[in-house]
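See structure below.
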Amino acid sequence: MSHVLVVANETVYGSALLETLKRRAEDGVDLITVLCPVNVPREGYVVYEDTRRAAAGRRLERTLEALREADVAAHGLVVEADPAEAVRDALNQLEPPPTEIVVSTHPLRKSGWLRKNVVDRIRDAAGGLPVEHVVVDIKGERNDVNVLVVANETVVGEPLLERIRERAEQSGRASFLLISPQSNPEQCPTPEAERRLRRALTQLRSHGIDAHGQIAHPDPFMAAIHAVRDERIDEIIISTFPGARSGWLRRDLVGRVRRETGLPVEHIEVEPAEVEAALA
């Protein structure tokens, strides 16, 4: 029995991948299994990890529905594993065993998987099975937007939360990753930082916004760069206190992130009194 194992996360419902799988079915493939590995950051403490899994599940379900509507026998799983490890596990556990593998990624400029050599590592794990790499430009197809939000104390400020709500309304498929640089890299996240981040995420999710977050590297510049390398990020929002009150502004964080990433970077200022009011 011919059995195609598909490995994809954010690109799983892209038209280029769906057309590839439909052609496989037309050529006589009997079964398609789709694996969606959940994005896991290389460092940092993840808050609301369930949002990542839920988002992957929604993408997977759209893919399976499209394949079934085309009379393609398909099923899938969301897995919390490195993509190459997920392939190794699948090859050992799936029945009937896969006869080929299809890996889907964003284009090179947007793909964390390509930067981390995931496709090559899957080829190594495939044990000689054919591996096809499909490139999907999701943003061009579906107007999906991934927004990185960098904020620490100001993460609960209403000006920032309102801007995120506005951005979500502008794009029905926007998702937001909030990162809060931790104060001390030698310690676990402080209760205050985690409490602020959870509060912000809870408010955003109550409006139906796809948002998740993590406590990140203490240097906000490095925290932003790590996120851009790990995730598909289309634009960035940086939130600070105004003017001289902000050490981030004194170190030209906004300009440095804009120059290093080449992405659109928006700056939102939040007054200390607005943070106090949000936490009162």
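The values are calculated or read from the model by the stated rules, or taken from the named source; none is laboratory data. Being a predicted model, the structure only gives us computed values, none of them experimental. Positions of Cβ are generated from backbone atoms using ideal geometry, with glycine treated the same way; all protein chains shown enter the neighbour counts.
Data table
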read-out: Test result for Arg109, buried (at least 19 other Cβ atoms within 10 Å of the Cβ), without any contact (Cβ under 8 Å) to a residue 12 or more places away in the chain and not acidic (Asp, Glu); value: no
read-out: Given (1) modelled with pLDDT of 95 or more; (2) farther than 25 Å from Asn9 by Cα; (3) buried (at least 17 other Cβ atoms within 10 Å of the Cβ), index of the condition Ile236 fails; value: (2)
read-out: Hits in the stretch 62-86 (condition: in a loop (DSSP other than H, G, I, E, B) and within 17 Å of the chain's Cα centre (by Cα)); value: Glu80, Ala81, Asp82
read-out: Enumeration of residues in the stretch 94-130 that are farther than 28 Å from Ala227 by Cα and of a type in the set (Ser, Thr, Tyr); value: Thr99
read-out: Matching residues, the stretch 1-15, being small (Gly, Ala, Ser) and modelled with pLDDT of 90 or more; value: Ser2, Ala8
read-out: Extreme residue, modelled with the highest pLDDT, among residues of the stretch 68-101 that are aliphatic (A, V, I, L, M), buried (at least 19 other Cβ atoms within 10 Å of the Cβ) and under 14 Å from Gly127 (Cβ atoms); value: Ile101
read-out: Hey, Asp89 assigned by TED's automatic domain parsing to the domain that holds Ala8, over 20 Å from the mean Cα position of the chain (by Cα) and either within 26 Å of Gln214 (Cβ to Cβ) or of a type in the set (Gly, Ala, Ser) (or both) or not; value: yes
read-out: Residue check, Glu274 farther than 30 Å from Val118 by Cβ and either touching a residue at least 12 places away in the same chain (Cβ under 8 Å) or surrounded by 15 or more Cβ atoms within 10 Å (Cβ to Cβ) (or both); value: yes
read-out: Matching entry among Leu60, Leu31, Leu108, Leu64 (being modelled with pLDDT of 90 or more and among the aliphatic types (A, V, I, L, M)); value: Leu31
read-out: Flag if Leu60 is surrounded by fewer than 20 Cβ atoms within 10 Å (Cβ to Cβ) and either in contact with a strand residue (DSSP E or B) (Cβ under 9 Å, 6 or more places away or on another chain) or under 30 Å from Arg198 (Cβ atoms) (or both); value: no
read-out: Single condition Val118 does not satisfy, out of (1) out of contact with any Pro (no Cβ under 8 Å at 6 or more places or on another chain); (2) more than 19 Å from Ile32 (Cβ to Cβ); (3) modelled with pLDDT of 90 or more; (4) not basic (Lys, Arg); value: (1)
read-out: Tally of residues being in contact with a Lys or Arg (Cβ under 9 Å, 6 or more places away or on another chain) and either part of a helix (DSSP H, G or I) or modelled with pLDDT under 95 (or both) across the stretch 130-143; value: 5
read-out: Selected residue [at pLDDT 90 or above and touching a Leu at 6+ places or on another chain (Cβ under 6 Å)] from Leu177, Leu197; value: Leu177
